[in-house]
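Working notes, beginning with the structure itself.
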Amino acid sequence: MRTSRRDLLESLCALPLLAALPALARAAESGGAALRPEDLLNVMDFEPLARAALPPAHFGYLATGADDDRTVAWNHDAFSMLEIKSRRFVDVSRVDTSVELFGARWPNPIYLSAVSSQRAFHPDAELGVARAAASRSALMMLSSVASVAVEDVVAARTAPVWHQLYATDDFAVTRKVVARAERAGCPVITLTCDLIPGRNSETLKRAMREDKRPCAACHTLGPPADMVAMIRRAPLYADLDLANVKEISPSAISWEFLERVREIVKVKLVVKGIVTGEDAAKCLEHGVDGIIVSNHGGRDEDTLRSTIECLPDVVAAVKGRAPVLLDGGVRRGTDVFKALALGATAVGIGRPQAWGLAAFGQPGVEAVLDVYARELRTIMRQAGVTSLAGITRERVVARDAIRTFG
């Protein structure tokens, strides 16, 4: 029997549900009691629940990559090409997972990456994420195109948040956005450089064609038709003259553009979206304070280069002169461990926080953070490591470097 491409895609889309079946079965056995966030075993269990909770176009916006979505998948799958070396006879009765970034200490190296338009996933939007970050003392990065104003998010977090910046081709707008974030108390501005205009989001486009429900039925902000339309609805850009804005993260972004951003940013400046050592080194030459190895979750270009593969090159170029962070495909505490072993200072999570938010609101985000923290602590104990300083390059081995058994 021949299988159509559509049938195949629908079958593949159904696969994540298998991960949640054990949790759903337990809920049924308990007399129909509502499923709780703490019932879920890992962060992947949240994805099918988010899919069920959201209109197709909203989930499509969250799930989409570029072209065939292969980079989205490879971001995670590439972690399986690394194995962890465990040492024995180590006293692991006490394990310290804390990390310091720009003078602030965090209980673990897992931070909430910038995710845009979170009211598309839950009415509490970024406020729910901020409250979850506050309850777990987690670092939060806020998107420029958040559904909630930066001042309100900072108030909900009860602490400063990092601000992710989408620069525009009207530099006057960029200047005002940076100034507002700094007035709100953001200690770090993160310039995104990997959102080049013109991406091919086929998964989103297919989902939008199938979605018969109006976005306004459950949210006030739906998936954007394009990025410029998105910023026109974003609270951060309210009261700004956007008449001359034609692109965000503009095509004309250059090293000279980075210099202009460096001149206007008075706090720490981090660049997000670096995937080569050459670019990382040049960023430092232009006064950048930190690097985030990221390919935007595979959303914009189907290069089939995972961020964990790019990380060693960037770390080697930075040579310890600035913190190097990583996001993309991180789904397990073992993934966090591997990224730290290859030189990352901290590791960001994007889609999983949105899955938790969509499925349960704030408690879902808290549960996702708890899973990562628990899994990281577990693998550290099993590997014989008592602090992040002990997670070194020698603790991981590439699979292709292992000789076959003779």
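The values are calculated or read from the model by the stated rules, or taken from the named source; none is laboratory data. Treat the numbers as computed from the prediction; the structure is a model and nothing was measured. Glycine gets a Cβ as well: all are built from the backbone with ideal geometry, and neighbour counts include every protein chain shown.
Structure notes:
- Some residue of the range 329-345 being part of a loop (DSSP other than H, G, I, E, B) and either over 17 Å from the mean Cα position of the chain (by Cα) or over 26 Å from K85 (Cα atoms) (or both): yes
- Residue list for the range 284-300, filter: modelled with pLDDT of 95 or more, within 20 Å of V188 (Cβ to Cβ) and within 21 Å of the chain's Cα centre (by Cα): V288, D289, G290, I291, I292, V293, S294
- Among the candidates R232, R260, residue that is without any contact (Cβ under 8 Å) to a residue 40 or more places away in the chain and farther than 27 Å from L342 by Cα: R232
- For the range 327-341, a residue qualifies if it is in contact with a strand residue (DSSP E or B) (Cβ under 6 Å, 6 or more places away or on another chain), within 21 Å of E394 (Cβ to Cβ) and of a type in the set (V, I, T), and exactly one does: V336.
- For the condition of a type in the set (V, I, T) and surrounded by 21 or more Cβ atoms within 10 Å (Cβ to Cβ), I248 qualifies.
- Some residue of the range 313-323 being within 16 Å of A398 (Cβ to Cβ) and either buried (at least 24 other Cβ atoms within 10 Å of the Cβ) or not β-branched (V, I, T) (or both): yes
- Residues that are crowded, with 17+ Cβ neighbours inside 10 Å and under 12 Å from L311 (Cα atoms) within the range 254-276 comprise G273, I274, V275, listed in sequence order.
- Here C283 passes the criteria (1) assigned to a helix (DSSP H, G or I); (2) over 20 Å from W162 (Cβ atoms); (3) of a type in the set (A, V, I, L, M, F, W, C); (4) without any contact (Cβ under 8 Å) to a residue 60 or more places away in the chain except the one numbered (2).
- Boolean, V161 is more than 16 Å from Q353 (Cβ to Cβ) and of a type in the set (V, I, T): no
- Residue that is surrounded by the fewest Cβ atoms within 10 Å (Cβ to Cβ), among those in the range 164-186 that are assigned to a loop (DSSP other than H, G, I, E, B) and touching a His at 6+ places or on another chain (Cβ under 9 Å): A184
- Checked against the criteria, A359 counts as buried (at least 24 other Cβ atoms within 10 Å of the Cβ), over 18 Å from I379 (Cβ atoms) and over 17 Å from the mean Cα position of the chain (by Cα).
- Checklist (1) within 29 Å of T378 (Cβ to Cβ); (2) touching a residue at least 60 places away in the same chain (Cβ under 8 Å); (3) surrounded by fewer than 22 Cβ atoms within 10 Å (Cβ to Cβ); (4) not hydroxyl-bearing (S, T, Y) applied to D124, failing item: (1)
- The number of residues in the range 236-262 that are closer than 13 Å to R175 by Cα, part of a loop (DSSP other than H, G, I, E, B) and within 23 Å of the chain's Cα centre (by Cα) comes to 0.
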